[in-house]
Amino acid sequence: MRRSIAIALATLISACSQSTPSQTATVPAPIARAAEGGPCAAGFVEIAVDKPACGIALESDGSLSFDGRRTPPIIVSYQEGANGRTALPAQQVILFPPSPEKGFRIVQACEAAEANSLCWAVRLLNPRNAALHEIGAGKYGPSHWVRWSPTEHRVALISRNEGAEWLHVVDTASGATTTYPAEAENANWLIDRTSFAWAGDNAFTVKIRTCETCAPAARSFTLP
């Protein structure tokens, strides 16, 4: 009799232990990993103060927050008033596709969350330390085109103004920008985007035209 009771008790304890859900906590993945697929990996995504995306939120002071980190504020312009100059933080940001390995991003900040807003404040975001480098990429900011060098030491951008185009090559460590054509060349370029190719991290080739009816010419450049 005692043996039967002991067996029944052991069976009951075993059944209860199997039905008890695991108490191991599930650790959520860092929110910036949302950028690994879909539009966040290959598209140009708009975020606003009330509209985060790709694991990145734009705060009311113009800073970006992600993975528990927060960048310095992005100031797009200043307003003069009776009490002096007031900083105007970004109200909308365009996220460029990230670099495949290190997750660098070009972010283009706008004065307002409107279709015709000026978006001339451009930054390079380093997600590892939440640093922002201010970069030059044209008077009104870059076009929706980006090419990362093989080891992501540099990134190429294109801007357009009054029918002419410029190529901007940015050092991802410092934010320093080299622009083509150089001012000394005194030329207007039309750039064949499909022809652009990196030859390592410090050189590239591209086809350009110097007028609407000119034949495209292949050019090679080595960065200083």
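Of note:
- Selection within segment 85-117 - of a type outside the set (A, V, I, L, M) and assigned to a strand (DSSP E or B): Arg85, Thr86, Pro89, Gln92, Arg105, Gln108, Cys110
- If you filter segment 50-83 down to residues that are at pLDDT below 95 and part of a loop (DSSP other than H, G, I, E, B), you find that the one that is farthest from Pro127 (Cα to Cα) is Ala82.
- Within segment 130-149, considering residues that are in contact (Cβ under 8 Å) with a residue 24 or more places away in the chain and of a type in the set (Phe, Trp, Tyr), the one surrounded by the most Cβ atoms within 10 Å (Cβ to Cβ): Trp148
- Count of segment 174-196 residues, restricted to those that are open to solvent by 40 Å² or more (accessible area, probe 1.4 Å) and either in contact with a Cys (Cβ under 8 Å, 6 or more places away or on another chain) or among the small types (Gly, Ala, Ser) (or both), is 5.
- Cβ-Cβ distances below 7 Å connect the following pairs, each with a first residue in segment 44-55 that is closer than 19 Å to Gly141 by Cβ, a second residue that is in a loop (DSSP other than H, G, I, E, B) and open to solvent by less than 30 Å² (accessible area, probe 1.4 Å), and a separation of six or more residues or different chains: Phe44/Phe96; Val45/Cys54.
- Residue match in segment 118-129 (condition: in a loop (DSSP other than H, G, I, E, B), in contact with a Leu (Cβ under 9 Å, 6 or more places away or on another chain), within 19 Å of Phe44 (Cβ to Cβ) and open to solvent by less than 70 Å² (accessible area, probe 1.4 Å)): no
- Pair list, Cβ < 7 Å and 6+ apart or interchain, from segment 197-224 residues that are over 17 Å from Glu152 (Cα atoms) to residues that are open to solvent by less than 40 Å² (accessible area, probe 1.4 Å) and part of a loop (DSSP other than H, G, I, E, B): Thr210/Ala187
The values are calculated or read from the model by the stated rules, or taken from the named source; none is laboratory data. Nothing here was measured: the structure is a model prediction, and the numbers come from that model. No Cβ is skipped: glycine too gets one built from the backbone with ideal geometry, and neighbour counts run over all protein chains shown. Surface areas here come from the heavy atoms of the whole protein model, side chains and all, with no ligands, DNA or RNA. Shrake-Rupley method; radii C 1.70, N 1.55, O 1.52, S 1.80 Å.
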